[in-house]
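Read the structure below first, then the notes.
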Amino acid sequence: MDWTLGSLIHPRPRQDLVPLAPGRPLRLRRARGRQVACERGCVWITVPGVASDIFLHAGQRWTIPANGLVLIEAEGSALVTLGC
């Protein structure tokens, strides 16, 4: 790992790359503040307290506003990045 002064002061946030398949939702708990980025395909996100589902296409991102059970599902196959 390249340790520079900048990386010690401002470390890069951890990100998880997650492949999704149809009918196999990703379940997250206590995810408030995490950012979801759709890297490939299309996903929809169901969040407690949010009136309608959020749809993301490749290149779009969204920050989860609340805790509780969050479901991220793929329309076809998809790839998402989960940031802290």
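Read the figures in this text as sums done on the coordinates, not as results from a lab. Because the structure is predicted, anything quoted here is derived from the model rather than measured. Neighbour counts are summed over all protein chains in view; Cβ atoms, including those assigned to glycine, are modelled from backbone coordinates with ideal geometry.
Worth pointing out:
- When the P(r) of the stretch 13-83 is calculated, the portion above 20 Å amounts to 17% of the C-alpha pairs.
- Amide H contacts under 5 Å for residue 67, placed H, 5+ residues apart: 32
- Cβ-Cβ FRET estimate between residue 57 and residue 16, R0 fixed at 22 Å, reported to 0.05: 0.65
- The HN-Hα couplings worked out from phi for the stretch 17-34 by the Karplus form 6.51 cos²θ - 1.76 cosθ + 1.60 (θ = phi - 60°) are 9, 10, x, 10, 10, x, x, 10, x, 8, 10, 10, 10, 6, 9, 3, x, 6 Hz, whole numbers, x standing for Gly and Pro.
- Pairs of Cα atoms nearer than 8 Å and 6+ residues apart set the relative contact order; for the stretch 13-83 it is 50 percent.
- Residue order, fewest to most surrounding Cβ atoms within 10 angstrom, among 34, 61: 61, 34
- Mean Cβ neighbour count within 10 Å, used as a protection proxy, ranking 35-43, 21-29 highest first: 35-43, 21-29
- Segment residue 67-residue 50, extension gain: residue separation times 0.36 nm, minus the distance between their alpha carbons: 5.0 nm
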